[in-house]
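What follows draws every value from the coordinates through simple rules; no lab data is involved. The structure presented is a predicted model; accordingly, all values stated were derived computationally and were not measured. Positions of Cβ are generated from backbone atoms using ideal geometry, with glycine treated the same way; all protein chains shown enter the neighbour counts.
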Amino acid sequence: MEPKKYSCVECKMRRKYEENPRSFIARFWHWHTSFCPGWKKYYNSLSEEDKSLMKEKYNLK
C-alpha cells in the first residue's frame with residue numbers, strides 16, 4: 001500500500017521557508033504550522049527520526 005500523500009510535502013510556503021526563513025511568507029508558514037490540521041496529520045505520520053529532523057530543520061517545538 002502506498003503511503004498517503006500530503007500537500008505539505010510540496011507546499012510552496014514551506015519551500016519559501018527553506019529558501020529564506022526570515023522572509024514574511026516563511027514566518028507566516030512557520031506560524032501556520034502551529035494550528036494547521038493538515039500539517040499536524042503530516043507531521044504525525046512521520047517516523048520519530050524524521051520528526052526529530054523536522055524539529056531541528058524548521059525550529060519546531
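Below, the figures for the structure above:
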| quantity | calculated |
| --- | --- |
| All positions within region 11-51 that are among the β-branched types (Val, Ile, Thr) and more than 12 Å from the chain's Cα centre (by Cα) | ILE25 |
| In region 11-45, the residues that are among the basic types (Lys, Arg), within 14 Å of ASN59 (Cβ to Cβ) and either surrounded by fewer than 13 Cβ atoms within 10 Å (Cβ to Cβ) or without any contact (Cβ under 8 Å) to a residue 12 or more places away in the chain (or both) | ARG22, ARG27 |
| Scan of region 1-41 for residues that are of a type in the set (Gly, Ala, Ser) and under 17 Å from MET54 (Cα atoms), ordered by number | SER7, ALA26, SER34, GLY38 |
| Considering residues of region 46-61 that are touching a residue at least 12 places away in the same chain (Cβ under 8 Å) and surrounded by 13 or more Cβ atoms within 10 Å (Cβ to Cβ) only, the residue farthest from GLU10 (Cα to Cα) | LEU60 |
| Unique match (being polar (S, T, N, Q) and touching a helix residue (DSSP H, G or I) at 6+ places or on another chain (Cβ under 7 Å)) among ASN20, ASN44 | ASN20 |
